[in-house]
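Data first, discussion second: the structure below is written as C-alpha cells.
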Amino acid sequence: QVRLVESGGGLVQPGGSLRLSCAASGSIFSALTMAWYRQTPGNQRDLVALISTAGNTNYADSVKGRFTISRDNAKNTVYLQMNSLKPEDTAVYYCKGSTRVTGYWGQGTQVTVAS
C-alpha cells in the first residue's frame, strides 16, 4: 500500500508561483508513474502533468511552459512547480501514483489564484 500526501497549496496572486509537493510512503516510489491532476467543483479530474519512472514528462496544453513536474526518488517525492499562475489554475490539485495494475491518490491540496 502507498500513501500519498500533498502539500504546498494556498492563495497566490495572478502571476505568482507555488510549488506543490507529494510525499509517498512505502518502498516502491521509483516504480510509480507519478502525476498531478486538478479538479474544480462540478467538473472531472483532469491531468495536469505526468512523469514516468524514466523521467519523461507530459503536460496539459494549458500549463505547458508554466508548470514543471519533477521527482526525487531518494526522497520519495514528486513536485509541481507552478509559475505565471492564472485565476483559471484555481482548483484542488491531486497527486497520483500508478503502476500497470493500480493507482493511488492523495487527499488533494487547494490552490487559489486571486487578487
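For first residues located in region 83-109 and under 22 Å from ALA23 (Cβ atoms), partners that are in a helix (DSSP H, G or I) and lie 6+ apart or on another chain with Cβ distances below 7 Å form the pairs THR99/ALA31.
Checked against (1) closer than 17 Å to LEU32 by Cβ; (2) assigned to a strand (DSSP E or B), VAL101 passes all but condition (2). The set of residues from region 56-98 being closer than 20 Å to VAL5 by Cβ, open to solvent by 50 Å² or more (accessible area, probe 1.4 Å) and in a loop (DSSP other than H, G, I, E, B) comprises ASN73, ALA74, LYS75.
Report the residue count in region 67-103 for those that are among the charged types (D, E, K, R) and touching a strand residue (DSSP E or B) at 6+ places or on another chain (Cβ under 7 Å). Write out each step before concluding.
Our first condition is that a residue be among the charged types (D, E, K, R); within region 67-103, this holds for 71-72, 75, 86, 88-89, 96, 100.
Narrowing further to those that are touching a strand residue (DSSP E or B) at 6+ places or on another chain (Cβ under 7 Å): 71, 86, 89, 96.
Number satisfying all stated conditions: 4.
I'd like to know if region 84-102 contains one or more residues that are modelled with pLDDT under 95 and in contact with a Leu (Cβ under 9 Å, 6 or more places away or on another chain). Walk me through how you get there before you give the answer.
Filtering region 84-102 down to residues modelled with pLDDT under 95 leaves 99-102.
Right, trim to in contact with a Leu (Cβ under 9 Å, 6 or more places away or on another chain) and you get 99.
So far as region 84-102 goes, yes, one or more of its residues are modelled with pLDDT under 95 and in contact with a Leu (Cβ under 9 Å, 6 or more places away or on another chain).
Is it the case that region 35-55 has a residue that's aliphatic (A, V, I, L, M), in contact with a Gly (Cβ under 9 Å, 6 or more places away or on another chain) and assigned to a loop (DSSP other than H, G, I, E, B)? Reasoning before the result, please.
So in region 35-55, the residues aliphatic (A, V, I, L, M) come out as 35, 47-51, 54.
Narrowing the set further to residues that are in contact with a Gly (Cβ under 9 Å, 6 or more places away or on another chain) leaves 35.
If we keep only those that are assigned to a loop (DSSP other than H, G, I, E, B) too, we end up with none.
No - not one qualifying residue is present in region 35-55.
Within the option set ALA114, ALA49, ALA35, ALA31, being touching a residue at least 40 places away in the same chain (Cβ under 8 Å) and buried (at least 16 other Cβ atoms within 10 Å of the Cβ) holds for one residue only, ALA35.
Number of residues in region 8-28 that are over 20 Å from GLU88 (Cα atoms) and either open to solvent by 60 Å² or more (accessible area, probe 1.4 Å) or not in a strand (DSSP E or B) (or both) equals 4.
If you go through region 45-53 one residue at a time, do you hit one that is under 13 Å from LEU4 (Cβ atoms) and among the aliphatic types (A, V, I, L, M)? Don't jump to the end; show me each part of the working.
Here is the first cut: in region 45-53, the ones under 13 Å from LEU4 (Cβ atoms) are none.
Among the residues of region 45-53, not one is under 13 Å from LEU4 (Cβ atoms) and among the aliphatic types (A, V, I, L, M), which makes the answer no.
The values are calculated or read from the model by the stated rules, or taken from the named source; none is laboratory data. Just so it is clear, the model here is predicted, and its values are computed rather than measured. Counting neighbours? That spans all protein chains shown, and the Cβs are built from the backbone with ideal geometry, glycine included. Accessible surface is based on the protein model in full, side chains and every heavy atom, while ligands, DNA and RNA are left aside. Shrake-Rupley method; radii C 1.70, N 1.55, O 1.52, S 1.80 Å.
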